[in-house]
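The values are calculated or read from the model by the stated rules, or taken from the named source; none is laboratory data. Since we're looking at a predicted model, the values are computed, not measured. In this analysis, Cβ positions are derived from the backbone assuming ideal geometry, glycine residues included, and neighbour counts consider all displayed protein chains.
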Amino acid sequence: MTNESIREAAAGLFPGGVNSPVRSYRSVGGDPVPVVRGAGPYVFDADGARYIDYVGGFGPAILGHARPEVTRAIAEAAAEGLTFGALGPREVELAAAIREATGLERLRFLNSGTEATMTAIRIARAATGRDLVVKFDGCYHGHSDGLLVRAGSGVATLGMSDSAGVPQAVAGLTAVLPYNDPAALIRWFDAHPGDTAAVIVESIPANVGILAPDPEFLQVLQAVPRAHGALLIADEIITGFRLARGLSGVLPAADLVTLGKIIGGGLPIGAIGGPAHLLGLLAPEGPVYQAGTFSANPAVMAAGLATLQLLTPGAYQRLEQVARHLENGLRTAIRRAEVPASVVRYGSMLSLFFRPEPPRDYAQAREADTAAFARFHRAMRARGVLIPPSQFETWFVSLAHNEPEIDATVRAAAEALREACPA
Ligand code: PMP
């Protein structure tokens, strides 16, 4: 198959020609790149073109693509049978590794980040006997009904503030507050003391591009909900094992943590972690129901374990070094091209905003020049660099990215920035 034949067949098979919205390239224009394989920092399309990849599978690919230790572990697990609907040894090993790295006392594995946040909220409602949930404008926590209110990721990319098909009665249980606004959070709890089950937040919001949290906001987040008997859910689905071997450390006082992406080594996963008294509310120990045919699937567990084994403290030092090199190169390119753009980076997560200053909240992120981003994306693609196809997604650097790839990326960006913002 060629790029064109894949796209044509997909257009007749899938809504919008894709199986997840941002993959359609709708906001950046041009034809989506069908990927046939990946190797290290590269992906290859069906016509044989090679790209330096910063999509990273939207987060899981921290080792780069097709790392032999991981693919071998998956093959070994697969050879022993794919799914049993039974307890097995690999889930115990992966959970023990996660517990050691995060300090989370109990875990439940599920099949996606969406399931993890959905179930974390169910636990919080059961634990508190309350219904309301607070989320923040532009944070994305997957596509369960109650969390699709003013969400980031594809919802932001497509300019949809909410999703159709979510009953008002469900959406009405989610309050949306501006990010980085401690006063708004305090006002909410003053007005609704005793009604809020949980506040859910991305430890570093990364679904409208990256928003840098203010220290004061983080303090209020960790104090005010607790003072009113509400739980704090830290969504570490992107940041867990991305910024450090374990949790990000941004919200140490969180009651529940959701994980996903990296801990599955490139296969589908989600997880909830927390203290025994909260995780013990899950069936069969407690009254909160949650289940999954494929939960803790042996091949996924094997991929996660092989990945975590390679994520040594030295690996994070190296990621920091390589990503800093990229950040510095992009900053220099922006300065030289004299374009109104900015870069924000945490470890191996990076956003380039077509806006002179990095945004503090979703309202500011929306001011970014998305038409310039679209031109930039196309210019980078033409130069063999694949960044996420939206101003509102985050770039991921992997351990497979080396200086030559970073230098090539910066050279491409220096030209692409001028194309994106002609003088
Ligand atoms: N939470 C965050 C912070 C995410 O970035 C995502 C997905 N990008 C999710 C939850 C949902 O995870 P999944 O796509 O695996 O359902």
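You will find that of ALA97, ALA101, ALA77, the residue that is away from the ligand (no atom under 16 Å from the Cβ), touching a residue at least 40 places away in the same chain (Cβ under 8 Å), in a helix (DSSP H, G or I) and over 21 Å from TYR316 (Cβ atoms) is ALA77 and no other. None of ALA223, ALA127 is modelled with pLDDT of 95 or more and either under 18 Å from the mean Cα position of the chain (by Cα) or buried (at least 18 other Cβ atoms within 10 Å of the Cβ) (or both) except ALA127.
For region 220-262, a residue qualifies if it is within 11 Å of the ligand (Cβ to nearest atom) and of a type in the set (A, V, I, L, M), and the qualifying residues are ILE233, ALA234, ILE237, ILE238, LEU259.
Consider region 124-178 and keep the residues that are among the hydroxyl-bearing types (Ser, Thr, Tyr) and out of contact with any Gly (no Cβ under 6 Å at 6 or more places or on another chain). The one that is nearest to the ligand (Cβ to nearest atom) is SER153. Whenever a residue of region 294-307 is closer than 16 Å to ILE62 by Cβ, it has no partner that is surrounded by 24 or more Cβ atoms within 10 Å (Cβ to Cβ) and polar (S, T, N, Q) lying with C-beta atoms less than 6 angstrom away and at least six residues away or across chains. Total residues in region 396-423 satisfying the condition of being buried (at least 20 other Cβ atoms within 10 Å of the Cβ) and closer than 16 Å to THR370 by Cα: the figure is 3.
Residues of region 254-274 being in contact (Cβ under 8 Å) with a residue 60 or more places away in the chain and over 15 Å from THR119 (Cα atoms), which ones? Spell out the reasoning first.
Taking region 254-274 and keeping what is in contact (Cβ under 8 Å) with a residue 60 or more places away in the chain, we get 255-274.
Once the filter is applied, which keeps residues that are in contact (Cβ under 8 Å) with a residue 60 or more places away in the chain and over 15 Å from THR119 (Cα atoms), region 254-274 yields LYS261, ILE262, ILE263, GLY264, GLY265, GLY266, LEU267, PRO268.
Counting just the residues of region 179-209 that are surrounded by fewer than 22 Cβ atoms within 10 Å (Cβ to Cβ), in a loop (DSSP other than H, G, I, E, B) and touching a strand residue (DSSP E or B) at 6+ places or on another chain (Cβ under 7 Å), which one comes out modelled with the lowest pLDDT? In this case the residue turns out to be HIS192. All told, LEU185 meets the bar of being more than 16 Å from the ligand (Cβ to nearest atom) and within 28 Å of ARG366 (Cα to Cα). The number of residues in region 146-173 that are crowded, with 22+ Cβ neighbours inside 10 Å and among the hydroxyl-bearing types (Ser, Thr, Tyr) comes to 2. Kindly establish whether ALA164 is in a loop (DSSP other than H, G, I, E, B), free of Cβ contacts under 8 Å to residues at least 60 places away in the same chain and more than 28 Å from PHE241 (Cβ to Cβ). When the stated conditions are applied, ALA164 passes them. Give me the residue from region 1-32 that is within 16 Å of the ligand (Cβ to nearest atom) and of a type in the set (A, V, I, L, M, F, W, C) and, out of that set, farthest from ASN207 (Cα to Cα). Taking the candidates together, the pick is VAL18. A Cβ distance below 9 Å, combined with a sequence gap of six or more or placement on separate chains, defines the contacts here; from region 113-132, residues that are more than 15 Å from LEU278 (Cβ to Cβ) reach residues that are in a helix (DSSP H, G or I) and within 16 Å of the ligand (Cβ to nearest atom) in the pairs GLY113/LYS261; THR114/LEU147; MET118/ASP145; MET118/GLY146; MET118/LEU147. ALA223 fulfils the conditions (1) assigned to a loop (DSSP other than H, G, I, E, B); (2) of a type in the set (A, V, I, L, M); (3) farther than 29 Å from TRP395 by Cα except for a single criterion, (1). Of all the criteria given as (1) over 30 Å from LEU185 (Cα atoms); (2) buried (at least 24 other Cβ atoms within 10 Å of the Cβ), the one not satisfied by PHE136 is (1). Within region 226-244, the set of residues being among the charged types (D, E, K, R) and either surrounded by 18 or more Cβ atoms within 10 Å (Cβ to Cβ) or touching a Cys at 6+ places or on another chain (Cβ under 7 Å) (or both) comprises ASP235, GLU236, ARG242.
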